[in-house]
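See structure below.
The values are calculated or read from the model by the stated rules, or taken from the named source; none is laboratory data. Owing to the predicted nature of the structure, the values given are computational and were not obtained by experimental measurement. Note: ideal-geometry Cβ built from the backbone for every residue, glycine included; neighbour counts use all protein chains shown. Note: areas computed on protein heavy atoms with side chains; ligands, DNA, RNA excluded. Shrake-Rupley method; radii C 1.70, N 1.55, O 1.52, S 1.80 Å.
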Amino acid sequence: MHRNRWLLLGAMTLAFFFSPALSPAAVPEKTGPIRAQAPTAAEAKAFVDAAEAKLLELAVEASRAGWVQSTYITDDTEILAAKANERAINAGVEYAKQAVRFDKMKLPDDVARKLLLLKNGLTLAAPSNPKESEEVTRIAAAMEGEYGKGKYCPQKDKCLDLEDISKIMAESRDPAQLLDVWRGWHSIAIQMRPQYQRFVELANKGARELGFKDTGALWRSKYDMPPGDFAAELDRLWEQVRPLYVSLHAYVRWKLREKYGDVVPANGPLPAHLLGNMWAQTWDNIYPLVAPQSADPGYDLTQILKSRKTDAVQMVKYGEGFFSSLGFDPLPKTFWQRSMFTKPKDREVVCHASAWDIDYVDDLRIKMCIDITAEDFVTIHHELGHNYYQRAYNAQPPLFRDSANDGFHEAIGDTVALSVTPEYLVKLGLLSSAPDASKDIGLLLQKALEKVAFLPFGLLIDQWRWKVFSGEITPADYNKAWWALRLKYQGVAAPIARKDEDFDPGAKYHVPAGVPYTRYFLADILQFQFHRALTKTAGCTGPLNRCSIYGNAAAGKRLQDTLAMGQSRPWPDALDALTGQRQMDATAIRDYFAPLQKWLDEQNKGKPVGW
Ligand SMILES: [Zn+2]
């Protein structure tokens, strides 16, 4: 499912392996003893070259093992994949620690940048004390495991996993049932609370050994600017988009109040269980409850694809055709031989859509269980965005084979998906004519429930974690502070009283799994900035939601040139190449939804706004 991509990393990169599932086993051999006298520039270069070659080798091995694990789940393939990951991750930790000895040296730009990436590429720095290193990696794996196995059992012999619960959250319109599963899922996290507290202590210890103030500072250090400046950038972006969110929030609140009555307050926060999603992070599942009158777009892409007997390969061919129209080379033959497009009948697989670059050169693949639906049609364009990015930067040195910052990889796929407009479907011959502009409000509202509703959630997860890592939020206040942030940013409140002993942040995958979340906020902002710039390059003057870059060589060239930079340069250089701007800019998402904002403000007239 498309929205499920928030749960996992969609693209595999070297940085992927600096993820938290560390293990104490298989500490790599050191590349040389740490010496007392100052190292030379030549030694720094030799160190970087060796690190890069070794990490690439280990990453390729881990991708191969990961691919087999995801497409053929057995106890054996899980163990083999975990082992390969351990080797790659431990090497990453070791190189990060050794890289510190070249600090403050005058070095060529590329060597200095690679050392920087080695040091701040980690998301979890295990402490050097082997006992503590083992403990923190064990806790990280245990919390992720507990989350993955989490079940709510309303009756003794009837248990619901997250997939079952998500379906209820999406489809049920019974407030009592929604409240029941909301409460049930949040109860799985309570036991993680002491583990999380210990995890924070140990992770911070490791971060300090690498010279960072705490783990939050390590996470904020990846953005080519001082950590404090980056935090201020996020505040600035949020202030740009907040008025749009507040209008959407007010509209959804009175529509839900029409449906559910007093359980939804007239002017307070939205209750978290009525928005179609466990975390109230995207609201598109409740579109039917808030849909405008007579704004049906008038076509159903799913029905069109099905009536034409489109198969999975043809679905992917449409996606490839989009990129070919921009001037990108066709996908390699191995892509068609090695990808997984449909769910096999004879074995367990991970169906969650993802894009892979097994050898970090041209062994591109996607792994999906494609359904012939409009949603998967868009998802394919998104996943292929990752693949074309991966191939575009394959001429860079291995450490630069990643997106300009971690928001870019997800944003590129979504940028392309924004070009899947009715006009594009007409060009493909899937639609005979595009609906007129009077249908735009329905299309825009549906998209806003996904993309605008997500923004405050995308921001607040790490606002909470940064404060937890810095100690500003103490363990006693974990839950209280969580709900204070959800109220402040989302205007959402828990549907029932929460206790200080609860651990509601742990009910969201990325917290127990230790995956930073700010990248999703950035991707949500950046994709509209990219879309605005590229459609302008393509000469589109219509409303942004009707502009597609399909078939435009100039936009394609601009995209290709940016993707080819990988992370060889600080991300503002890549942003400049793509958009002519050096700052992230949320006015693009405002522009895109401008017609909707106007409509929402009309609907909200005389109604309370804000919380
Ligand atoms: Zn993705």
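Can you give the FRET efficiency to the nearest 0.05 for N129 and S433, using r as the Cβ-Cβ distance and R₀ = 51 Å?
0.15
Do any trypsin sites (Lys or Arg not before Pro) in region 435-535 lie in a DSSP loop with no more than 13 other beta carbon atoms within 10 Å, and if so, which?
K499
Expressed in nm², what is the orientationally averaged projection area of the convex hull enclosing the Cα positions of region 91-231?
Quarter of the Cα hull surface area: 12.1 nm².
Any idea what the dipole of region 35-194 comes to, in debye rounded to 20, about its Cα centre with Lys/Arg Cβ at +1 and Asp/Glu Cβ at -1?
The calculated dipole for region 35-194 is roughly 620 debye.
Trypsin sites (Lys or Arg not before Pro), restricted to region 331-428: which are DSSP loop and have at most 11 other Cβ atoms within 10 Å?
For trypsin sites (Lys or Arg not before Pro) across region 331-428 that sit outside H, G, I, E and B with at most 11 neighbouring Cβ atoms in 10 Å, the list reads K345, R347.
Specify whether the C-alpha gyration tensor of region 170-325 places it in the rounded, prolate or oblate class, a ≥ b ≥ c being the square roots of the eigenvalues: rounded for a/c under 1.5, otherwise prolate if a/b is larger than b/c and oblate if not.
oblate
Provide the packing ranking of 558-568, 411-421, i.e. peptides ordered by the mean count of other C-beta atoms within 10 Å per residue, highest first.
Put in order of decreasing packing, that is 411-421, 558-568.
Looking only at Cβ-Cβ distances, which cysteines of the chain have no other cysteine closer than 4.7 Å?
Flagged as lacking a Cys partner: nothing.
Per q in 0.13, 0.17, 0.33 1/Å, what log10 I(q)/I(0) does a Debye calculation on the alpha-carbon atoms of region 40-90 return?
-0.39, -0.54, -1.10
Any idea which of T474, Q529, Q463 is furthest toward the positive side of the dipole for region 431-532, if Lys and Arg beta-carbons carry +1 and Asp and Glu beta-carbons -1?
Q529
Can you work out ³J(HN,Hα) from phi for every residue in region 580-586, in order, using Karplus 6.51 cos²θ - 1.76 cosθ + 1.60 and θ = phi - 60°, giving whole Hz and x for Gly and Pro?
Values per residue, Gly and Pro as x: x, 10, 9, 10, 5, 9, 7 Hz.
Treating cross-link reach as a plain straight distance, find the aspartates and glutamates whose alpha-carbon is under 19 Å from the alpha-carbon of K488, omitting any fewer than eight places away in the same chain.
Result set, ordered by chain and number: E233, D235, E239, D462, E472, D477, D500, D504.
For a quick protection proxy, order the peptides 374-380, 270-276 by their average other-Cβ count within 10 Å, most packed first.
270-276, 374-380
Averaging sequence separations of C-alpha pairs under 8 Å and six or more residues apart, then dividing by the length of region 225-296, give the relative contact order as a whole percent.
RCO, region 225-296: 18 percent.
Mind checking the per residue accessible area of the chain for me, 1.4 Å probe, whole number of Å²?
Here the per-residue accessible area is 39 Å².
Size of the dipole of the chain about the Cα centre, Lys and Arg at +1 and Asp and Glu at -1 on the beta carbon, nothing else charged, in debye to 20?
Charge dipole of the chain: 580 debye, to the nearest 20.
Using 0.36 nm per residue, how much length does the chain from D103 to E209 gain when fully extended, once their Cα-Cα distance is taken away?
Using 0.36 nm per residue and subtracting the Cα-Cα distance, I get 36.8 nm.
Would you list, by chain and number, the lysines whose Cα falls below 28 Å from the Cα of K427, excluding same-chain residues fewer than 8 positions away?
K306, K309, K317, K333, K367, K439, K447, K451, K536, K557
Place +1 on the Cβ of every Lys and Arg and -1 on the Cβ of every Asp and Glu in the chain, take the dipole about the Cα centre, and give the residue among W185, P269, I366 whose Cα lies farthest towards its positive end.
Final value for the positive-end residue is P269.
Calculate the dipole size of region 309-457 relative to its Cα centre from +1 charges on Lys and Arg beta carbons and -1 charges on Asp and Glu beta carbons; express the result in debye to the nearest 20.
320
Between D235 and A53, 0.36 nm times their residue separation minus their Cα-Cα distance comes to what?
Result: 61.7 nm gained on full extension.
Points 7 angstrom from Cα along the Cβ direction at D161 and K83: gap in nanometres?
Distance between the two pseudo-spin positions: 2.6 nm.
DSSP loop (so not H, G, I, E, B), at most 12 other Cβ within 10 Å: list which trypsin sites (Lys or Arg not before Pro) in region 66-109 pass both filters.
Sparse-neighbourhood loop trypsin sites (Lys or Arg not before Pro): K104, K106.
Among 574-581, 154-161, what's the highest-first ranking by average C-beta atoms within 10 angstrom per residue?
By packing density, highest mean first, the sequence is 574-581, 154-161.
Express the carbon and sulfur contribution to the solvent-accessible surface of the chain as a percent, rounded to the nearest whole number, probe 1.4 angstrom.
53
Give the residues of region 196-228 whose amide nitrogen is closer than 20 Å to a point set 7 Å from the Cα of A141 in the direction of its Cβ.
Under cut-off, by backbone N: 196-204, 206.
Three principal axis extents, largest first, for the C-alpha atoms of the chain, in Å?
75, 57, 51
List the residues whose amide H sits under 5 Å from the amide H of V492, counting only those 5 or more places along or on another chain, with H placed 1.01 Å from N in the peptide plane.
L270, L487
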